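Student: Here it is, the structure, as structure tokens.
Quick note: the coordinates plus some simple rules give every number you see, no bench work behind them. Fair warning: this is a prediction, and the values are worked out from it, not measured in the lab. In this analysis, Cβ positions are derived from the backbone assuming ideal geometry, glycine residues included, and neighbour counts consider all displayed protein chains.
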Amino acid sequence: MSTEPISAEQLGREAELVERVQRSFDRAPDARLKQLMQALVRHLHAFVGEVRLTEQEWNAAIRFLTEVGHITNDKRQEFILLSDILGISMQVVSVNNEAFENATEATVFGPFFIEGAPLIQNGEDMSFGAVGEPCWVVGSINDTSGAPVPGARIEVWEADEDGFYDAQYSDGRVAARAHLFSDEDGRYRFWGLTPTPYPIPHDGPVGGLLRAVRRSPMRASHLHFMVSAPGYRTLVTHIFVEGDEIGWADSVFGVKESLIREFAKHPVGAPTPDGRDLGDRGWSDVRFDIVLAPARIENEAAEQKLIP
Ligand code: BEZ
Ligand code: FE
């Protein structure tokens, strides 16, 4: 790569092109689309100029994106995976879930949520036979003033001990996913599985990119939550396991300090909180108290970003 300084004449030509391309969007009737396209052009051209992108590199990038497109179908979304490993998914989550008082932080949704998971009552088991160490999960749903939120819908889903979600098996099983509602005091409790690390799909072009840059496809151990209640901003988040072997190296940058929880381990035979007999299995327990932001935060943020 040349380290020669770039002449003023050359920089002027490059800047003139960026200007011209941006102006080509001036008459877009949709003001937001115009803003998005002009900013995209500015940033993409800045990238090309900064790294002095070669034609071979641009062709390689086009080949890569073509492969990402070819492997994508209605079951496999390699573009979202690319957005995930670049931290874009996480940044979009952050921008759209602005910090509000003590509201619980959001993190990536991931591809494994499925509508229509079974309803369980408080205290029941959402694992439905999925393999793994049982985990007693308890917590509360409150608003930012500390008032309980009864009747909040809580969706929970996770991978089994072998690192697979039910949807990744071809036998149509429904396991390690459910929904329940917070009780009249805003509390919830259920049996799940102690989360274990698992890789994001890495047999496609995104996996190839991770290997080329010596990055691991592993996700930090986590349990997914989506909590919704009328009048509150829907919270999509996970809890992560304190002391996890992957931890901050999470391949999709989902980990937040505020979402790391202690999963206390209990040996075989230790009495369980609800008296359930787990036979020859040990178990863990975790508390996750959730604070919901008001829905108006969502609306205000959306309104402020509208272009006049
Ligand atoms: C997940 O948590 O399930 C996930 C998130 C992003 C990419 C792949 C998987
Ligand atoms: Fe996950």
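Student: Can you work out the Karplus-derived ³J(HN,Hα) for every residue in segment 217-223? Use 6.51 cos²θ - 1.76 cosθ + 1.60 with θ = phi - 60°, whole Hz, and x for glycine or proline.
Tutor: Karplus-based 3J(HN,Hα) across segment 217-223 equals x, 6, 9, 4, 4, 7, 10 Hz.
Student: Follow-up. Run through all the Cα pairs of segment 23-141 and give the fraction in each 10 Å bin from 0, expressed as whole percent.
Tutor: Result returned by the calculation: 9, 20, 32, 21, 12, 6, 0.
Student: Continuing with the same structure: On the first, second and third principal axes, largest extent first, how far apart are the outermost C-alpha atoms of the chain in Å?
Tutor: Answer, in whole Å and largest first: 79, 44, 34 Å.
Student: For the chain, how many pairs of lysine residues have a Cα-Cα distance under 29 Å, where the two are 8 or more positions apart or belong to different chains? Can you show the working numbers first?
Tutor: On the way: Lys34/Lys305; Lys75/Lys256; Lys256/Lys265; Lys256/Lys305.
Number of lysine pairs found: 4.
Student: With θ taken as phi - 60° and the coefficients 6.51, -1.76 and 1.60, list the Karplus ³J(HN,Hα) couplings across segment 36-45 in order, rounded to whole Hz; mark glycine and proline as x.
Tutor: 4, 5, 5, 5, 4, 4, 4, 6, 5, 5
Student: Once Lys and Arg get +1 and Asp and Glu get -1 on their Cβ, which of Met90, Ala130, Thr104 lies farthest toward the positive end of the dipole of the chain?
Tutor: The residue sitting most towards the positive pole is Met90.
Student: Mind listing the phi-derived Karplus ³J(HN,Hα) values for segment 64-81, rounded to whole Hz, using 6.51, -1.76 and 1.60 with θ = phi - 60°, and x for any glycine or proline?
Tutor: Whole-Hz 3J(HN,Hα) from phi for segment 64-81: 4, 5, 5, 5, 4, x, 5, 7, 7, 9, 6, 9, 10, 10, 6, 5, 5, 4.
Student: Let me check I've understood the local charge: for Leu193, count other residues with C-beta under 9 angstrom from its C-beta, Lys and Arg +1, Asp and Glu -1. What total comes out?
Tutor: Numbers: positive: none; negative: Glu133, Glu158, Asp160, Glu161.
With Lys, Arg at +1 and Asp, Glu at -1, the net is -4.
Student: Next question. Summing +1 for each Lys or Arg and -1 for each Asp or Glu, what net charge is found among the other residues whose Cβ lies under 13 Å from the Cβ of Glu14?
Tutor: Residues near Glu14 contribute 0 overall.
Student: With all distinct Cα pairs included, what does the Kirkwood hydrodynamic radius of segment 61-215 come out to in Å, to one decimal, could you say?
Tutor: 17.8
Student: Trypsin sites (Lys or Arg not before Pro), restricted to segment 56-95: which are DSSP loop and have at most 10 other Cβ atoms within 10 Å?
Tutor: Of the trypsin sites (Lys or Arg not before Pro), the ones in loops of segment 56-95 whose Cβ has at most 10 other Cβ atoms within 10 Å are Lys75.
Student: Send over the per residue convex hull volume for segment 1-83, Cα only, as a whole number of Å³.
Tutor: 128
Student: Here's another thing I want to ask about it. Provide Rg and Dmax in Å for segment 80-161, with only Cα atoms included in the calculation.
Tutor: In order Rg, Dmax, the Cα atoms of segment 80-161 give 15.7, 40 Å.
Student: Add -39500 (n - 2.57) for each DSSP H run of 4 or more in the chain, then divide by its residues: what number comes out at 222 nm, to the nearest 500 deg cm²/dmol?
Tutor: Rounded to the nearest 500, the figure is -9000 deg cm²/dmol.
Student: Amide H neighbours of Arg187 under 5 Å, at least 5 residues apart or on other chains, H built in the peptide plane: list them.
Tutor: Under 5 Å from the amide H of Arg187 lie the amide H atoms of Ile141, each far enough along the sequence or on another chain.
Student: With charges only on Cβ, +1 for K and R and -1 for D and E, what is the dipole size of segment 48-156 about its Cα centre, in debye, rounded to 20?
Tutor: The dipole magnitude comes to about 200 debye.
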